[in-house]
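Enquirer: Right, I'll just put the structure down here and ask away after.
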Ligand code: NI
């Protein structure tokens, strides 16, 4: 088991040597979260930390992202590894000592851990640069949580030029610590959004015949939209249509003139993704016509679905099984959640995988985006090891 003059059996020693740094970096980032597209201090911290390792070529493809290139001493292909760095507009309710110092902003998805893990891998790999095959490109991405997403901007800036394979991982709270989940093929859905305004005629609530009741009409729109999922689309094809915002009215005796509806659509199949806006608008138009109202409709395309490349996923499974043992690796289930990692997969075959970060015994049970979300820090060295193993063997 050697890579050039390297003995890869030392990987655990290497990981151990950066473990304390990785935990400290994660805690620093957790304390100082920044919102999507505003990761100024975060990206500076990442840039400065990478600089301290030496041997990396650094660049800032966008205002708040960082790319580090490690050109190995041996021939080989180019592997990109991505970590996202942004936080969420959530008021943290944890009470550990490294709780958010930025009121109303919180690392509630684990991106602090992703950034710390990739820094740890970069630190290890920059020390053994001469033995590395090809090039490892570390992508520290801004704005995963907010459309249009940072990944697309980075791709536009050319960070994927010349890349042969791309990988990324998410610390995953629903998965217990001690597991890595891999999914070949479709993994995460395309998350799109719709905006509907139902325009009726407001008036006195005691005289409904003199109004066009936008609330009653909008309520029918909400229930009828479920017909798309249950009656228009093959039940074996995954689809979510959810109204998530219903804004109307001011008080009990006034019928409002309009209602605003906002919601999400999740799909995997490109043809269905193209069809859904038409199906939604047909219902909105039919119901508003029937009741003498009008509407405004806007459909917003979000990220593409994450589709893991079969060959890369198979190779990754082999590398991770060798590094962690068979019991560690399991087949995951696709989710209707979205991820802009898909932007990189348009440029090179790739795989996005899940690292177990929940721990019932330690009380680490809260879902992602919850004010009490956290990860089991024992999962951080797992991520570091996974990235280092990939850098050396996924070539
Ligand atoms: Ni996330």
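Enquirer: Quick check on segment 68-117: of everything there that is assigned to a loop (DSSP other than H, G, I, E, B) and within 25 Å of residue 130 (Cβ to Cβ), which residue is farthest from the chain's Cα centre (by Cα)?
Expert: Here the answer is 73.
Enquirer: Can you tell me which residues in segment 308-332 are surrounded by 13 or more Cβ atoms within 10 Å (Cβ to Cβ) and either within 16 Å of the ligand (Cβ to nearest atom) or not in a helix (DSSP H, G or I) (or both)?
Expert: Matches in segment 308-332: 308, 309, 329, 330, 332.
Enquirer: Which count do you get for residues in segment 134-147 that are more than 15 Å from residue 64 (Cα to Cα) and away from the ligand (no atom under 15 Å from the Cβ)?
Expert: Number satisfying all stated conditions: 4.
Enquirer: May I pose another question? Going through segment 191-216 one residue at a time, which ones are farther than 23 Å from residue 300 by Cβ and in contact with a strand residue (DSSP E or B) (Cβ under 8 Å, 6 or more places away or on another chain)?
Expert: 200, 201, 202, 203, 204, 205, 208, 210, 211, 212, 213, 215
Enquirer: With (1) in contact with a strand residue (DSSP E or B) (Cβ under 9 Å, 6 or more places away or on another chain); (2) in a loop (DSSP other than H, G, I, E, B); (3) away from the ligand (no atom under 16 Å from the Cβ) as the list, and residue 287 as the residue in question, which single condition is left unmet?
Expert: The one condition residue 287 does not meet is (2).
Enquirer: Still on this structure, I have one more. Can you tell me how many residues in segment 136-174 are more than 15 Å from residue 337 (Cα to Cα) and either part of a strand (DSSP E or B) or at pLDDT below 95 (or both)?
Expert: 11
Enquirer: Which condition number does residue 136 fail, the rest of (1) under 26 Å from residue 161 (Cβ atoms); (2) surrounded by fewer than 24 Cβ atoms within 10 Å (Cβ to Cβ); (3) touching a helix residue (DSSP H, G or I) at 6+ places or on another chain (Cβ under 6 Å) being met?
Expert: Here residue 136 meets the rest and fails (2).
Enquirer: Sticking with this structure for a sec: Please pick out the residue among 206, 121 that is outside any strand (DSSP E or B), over 30 Å from residue 91 (Cβ atoms) and not assigned by TED's automatic domain parsing to the domain that holds residue 334.
Expert: Going through 206, 121 in turn, the sole match is 206.
Enquirer: Which of the residues that make up segment 333-365 are within 19 Å of residue 179 (Cα to Cα) and either within 14 Å of the ligand (Cβ to nearest atom) or in a helix (DSSP H, G or I) (or both)?
Expert: Result: 335, 352, 353, 354, 355, 357.
Enquirer: When you look at residue 219, is it more than 30 Å from the chain's Cα centre (by Cα), in a helix (DSSP H, G or I) and either assigned by TED's automatic domain parsing to the domain that holds residue 251 or farther than 20 Å from residue 299 by Cα (or both), yes or no?
Expert: yes
Enquirer: OK, next. Any chance segment 329-338 includes a residue that's in contact with a helix residue (DSSP H, G or I) (Cβ under 8 Å, 6 or more places away or on another chain) and in contact (Cβ under 8 Å) with a residue 12 or more places away in the chain?
Expert: For segment 329-338, residues in contact with a helix residue (DSSP H, G or I) (Cβ under 8 Å, 6 or more places away or on another chain) and in contact (Cβ under 8 Å) with a residue 12 or more places away in the chain: present.
Enquirer: Let me ask you something else. Output the residues belonging to segment 157-168 that are away from the ligand (no atom under 16 Å from the Cβ) and over 24 Å from residue 41 (Cβ atoms).
Expert: Correct list: 158, 160, 161, 162, 163, 164, 165, 166.
Enquirer: Mind listing whichever residues of segment 175-189 are part of a strand (DSSP E or B) and surrounded by fewer than 22 Cβ atoms within 10 Å (Cβ to Cβ)?
Expert: 175, 176, 181, 182, 185, 186
Enquirer: OK, next. From the list 339, 361, which one is under 22 Å from residue 315 (Cβ atoms) and at pLDDT 95 or above?
Expert: 339
Enquirer: Does segment 191-203 hold any residues that are more than 16 Å from the ligand (Cβ to nearest atom), under 28 Å from residue 265 (Cα atoms) and either under 26 Å from the mean Cα position of the chain (by Cα) or not in a loop (DSSP other than H, G, I, E, B) (or both), and which are they?
Expert: Hits for segment 191-203 are 192, 193, 194, 195, 196, 197, 198, 199.
Enquirer: Being in contact with a helix residue (DSSP H, G or I) (Cβ under 7 Å, 6 or more places away or on another chain) and within 16 Å of the ligand (Cβ to nearest atom) is the filter; apply it to segment 112-133 and report the residue that is nearest to residue 72 (Cα to Cα).
Expert: Residue satisfying both the conditions and the ranking: 118.
Enquirer: Would you say residue 12 is over 20 Å from residue 170 (Cα atoms), in contact (Cβ under 8 Å) with a residue 40 or more places away in the chain, assigned by TED's automatic domain parsing to the domain that holds residue 161 and part of a helix (DSSP H, G or I)?
Expert: In short, yes.
The values are calculated or read from the model by the stated rules, or taken from the named source; none is laboratory data. Because the structure is predicted, anything quoted here is derived from the model rather than measured. When we count neighbours, we look across all protein chains shown, and the Cβ atoms used for this are built from the backbone with ideal geometry, even at glycine.
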